[in-house]
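The values are calculated or read from the model by the stated rules, or taken from the named source; none is laboratory data. None of the values given here were measured: they were computed from a predicted structure. Cβ placement follows ideal geometry from the backbone for every residue including glycine, while neighbour counts extend to all protein chains displayed.
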2 protein chains.
Amino acid sequence: MLKVDGQRLWASLMEMAQVGATARGGVRRLALTEEDRRGRARFAEWCEAAGMTMRSDAVGNLFARREGTDADAKPILIGSHLDTQPEGGRFDGVYGVLAGLEVVRSLNEQGIHTHHPIEVVSWTNEEGARFTPAMLGSAVFVGATPLVDALRTQDAQGVTLAEALEACGCTSDAKQLTTHDVEAYFEAHIEQGPILESHGHPIGVVTGGQSIRWLDIEVTGIAAHAGTTPMPYRKDAFFAASAMALELEALAGRYAPQGLVTIGQIDVPNSSRNTIAGKVAFTVDLRHPDDTKIDAMERDVRAAFERVAAQRGVQASISTYWTSPATPFDPACVALVEDATRQLGYTYERIVSGAGHDAIHLARHVPTAMVFIPCVDGLSHNEAEDALPADVTAGANVLLNAVLARAKVAAPVLA
Amino acid sequence: MLKVDGQRLWASLMEMAQVGATARGGVRRLALTEEDRRGRARFAEWCEAAGMTMRSDAVGNLFARREGTDADAKPILIGSHLDTQPEGGRFDGVYGVLAGLEVVRSLNEQGIHTHHPIEVVSWTNEEGARFTPAMLGSAVFVGATPLVDALRTQDAQGVTLAEALEACGCTSDAKQLTTHDVEAYFEAHIEQGPILESHGHPIGVVTGGQSIRWLDIEVTGIAAHAGTTPMPYRKDAFFAASAMALELEALAGRYAPQGLVTIGQIDVPNSSRNTIAGKVAFTVDLRHPDDTKIDAMERDVRAAFERVAAQRGVQASISTYWTSPATPFDPACVALVEDATRQLGYTYERIVSGAGHDAIHLARHVPTAMVFIPCVDGLSHNEAEDALPADVTAGANVLLNAVLARAKVAAPVLA
């Protein structure tokens, strides 16, 4: 099996981590800032040094093309994103971009030509930390967000994406890819969770993105004096919300191990220490790989919350705030990743992506697969985010061989 | 039994309710504002018309004296406060002051002289809505708050109490009462809770103020991604806090019916909809008439919360923020209130005061009792606060007869 140069990849990752490096070992390289401009420029230099041709689209997505032997064949995209969270780490996003570059460098070094062209891509504003929503560049690429809307989006200082692109020196090249022009998309990423590490697997073969359902709950009881209202007279919205929370937690057990439930935000308006809560608002985040299961989870949540409300004589208003269907990846592409992993001798497991990725947008239009590698303690979006060099290399080796299988070798491997 | 003139008392209450009247039928008469100045002036006019002598102390407490037949006998104080909440009602506080005035008017009308002098008092800034803390005037009177500290206290606009007193035209008269000079203190007040109304009693014989304990809780788990962290790996601080809340609620049952538990405030710092709560802070308010029981409640709360924390692998930090001991009222004064109630033929119950009152400060230094009357729907600190004329009269009748029993009739009743 072909292998990448793990040390070269690691060195590039560490060099890129200097662009926007923070005092505590993390990276702050917000989308289309001066740091991001420097990061993008460094990436372009490396790509050009590897013989690739750069172009950028109207939303700043950056494509580096290595030609195939068939000028009419559709390109294979490999990529992820170079932007980071405000207190981000050295691997989230950048790993997928530089692993793509390393695939091309390895092919060059080993004199391998492919039938299909390969384009390494960095998507703009994946983190959503500067511009909302997250995964904006890939959303525009696949048509999920209209370009005009994206360009009008403002950051917290009122700077539009269009202004930020100009300030960053991004120019839109005339000839652009569309989803119809793409043969397949591969993305390598750190897991951003603890599963692979705890199971001791260097590789996760990602089978798709899970279904997400966000609910808004408002519980209405009666605000009253904490000192003068006997317990039996109370309609305490907070105790009711607590009972709902534990029902929700118990419900997750019925959808184990894949069902996930989280209450991220809670608010008691006009709260005071000696006033019984009259109103409590909270959020619910439901996740499951299977859309029919997420529907069932939502039904169960509604029934449980309404039961608690009735028992306690409070009102519960439950609304669906946002829903994102499950996104299965392309079975053929997933099989290529799994085959490459097995042939390289790595232990692995099939895994569902819990977080959002550019690959989720791509997968709805283009045959797509992802490779996960473990991150230390499952930590991400954190300056302490870390990954082991051996795992970084393993993921890139899988990427290389999966891409090569799809891109088709056009000349004999010199080995 | 002697009776007050219920219609006269009601008319005075309604007239005073015009001073600071709000569009929605409530009253806004914050301490030492122009509205309060007008309310105090109206009260003083009425007292002088009833033959009483006015004086004010250094913190603006207003005393109206009706002489007794023994110039050396200590006065009986009757009173409450004229200030209101920003969106207050027509009865909280003012009822106790004008019921005191009505006691004197009734004695005058019926030609009754008492051995002890009677002083009707309005305490400054009971609500704590303009100056902190609440019950400031009575606190200074009993020495719980030093006068110099009280005078320095500022409102939200930076106006000191001393400046507000001057702006309000309050002058400190030379000869002032001390707690040693007071024979007893009686206060009538609306219940501010639902007990009397629900039991159908016009009178509550208040036996004292309850013990209060305020705790601050901080639960520390691990913040993590809602989409990538399997349920068994989570240390969810919010689910832990919810479990603690339900333990707290269950614990109240073991101290029923007198034990009260409330979580008034909760905060999840840096919360986001798709992040598992890493930290949750919340308050606990414990109340019980008995100090030894409140100690036991706090011990039980701590044990329960620590057990939940251990079970869930999170940390719980529990600190006692404030404690206020139980304040039993004087058994002899309480008996006078109870005897008067019984002799007047009113149904009643013995009740503990859940809220703070000036009487709580007085009771620690002077023989004290309170009379409660119901308020509609238990509502108070609300523009819709209401009381029935029959109950308003009943409470004043009880006050009249209890005060008279303590003040001792000096000349035969003309009836």
Which of (1) in the same structural domain as B:V140 (by TED's automatic domain parsing); (2) part of a strand (DSSP E or B); (3) crowded, with 16+ Cβ neighbours inside 10 Å is the odd one out, the single condition B:E349 does not satisfy?
(3)
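Taking strands (runs of 3 or more DSSP E) that do not extend beyond segment A:1-93, which have at least 2 residues that are under 30 Å from A:Q343 (Cβ atoms), in contact with a Phe, Trp or Tyr (Cβ under 8 Å, 6 or more places away or on another chain) and hydrophobic (A, V, I, L, M, F, W, C)?
A:76-80
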For segment A:76-100, what are the residues that are surrounded by fewer than 24 Cβ atoms within 10 Å (Cβ to Cβ) and not charged (D, E, K, R)?
A:Q85, A:P86
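With more than 14 Å from every other protein chain (Cβ to nearest Cβ) and in a strand (DSSP E or B) as the only criterion, which of B:A369, B:A390, B:A394, B:A335 stands out?
Among B:A369, B:A390, B:A394, B:A335, only B:A369 is more than 14 Å from every other protein chain (Cβ to nearest Cβ) and in a strand (DSSP E or B).
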Considering every residue within segment B:175-196, establish whether at least one is surrounded by fewer than 19 Cβ atoms within 10 Å (Cβ to Cβ), touching an Asp or Glu at 6+ places or on another chain (Cβ under 7 Å) and either among the β-branched types (V, I, T) or assigned by TED's automatic domain parsing to the domain that holds B:D57 (or both).
yes
Taking the residues in segment A:217-231 that are hydroxyl-bearing (S, T, Y) and part of a loop (DSSP other than H, G, I, E, B) as candidates, determine which candidate is nearest to the other protein chains (Cβ to nearest Cβ).
A:T228
So which residues in segment B:232-272 are of a type outside the set (G, A, S), surrounded by fewer than 18 Cβ atoms within 10 Å (Cβ to Cβ) and either at the interface with chain A (Cβ under 8 Å from one of its Cβ atoms) or assigned to a strand (DSSP E or B) (or both)?
B:P232, B:Y233, B:L246, B:P257, B:D267
All conditions in (1) of a type in the set (S, T, N, Q); (2) closer than 28 Å to A:L404 by Cα; (3) surrounded by fewer than 19 Cβ atoms within 10 Å (Cβ to Cβ); (4) in contact with a Ser or Thr (Cβ under 9 Å, 6 or more places away or on another chain) are true of A:S138 except (3)
Counted residues in segment A:273-290 being buried (at least 20 other Cβ atoms within 10 Å of the Cβ), more than 7 Å from chain B (Cβ to nearest Cβ) and part of a strand (DSSP E or B) come to 6
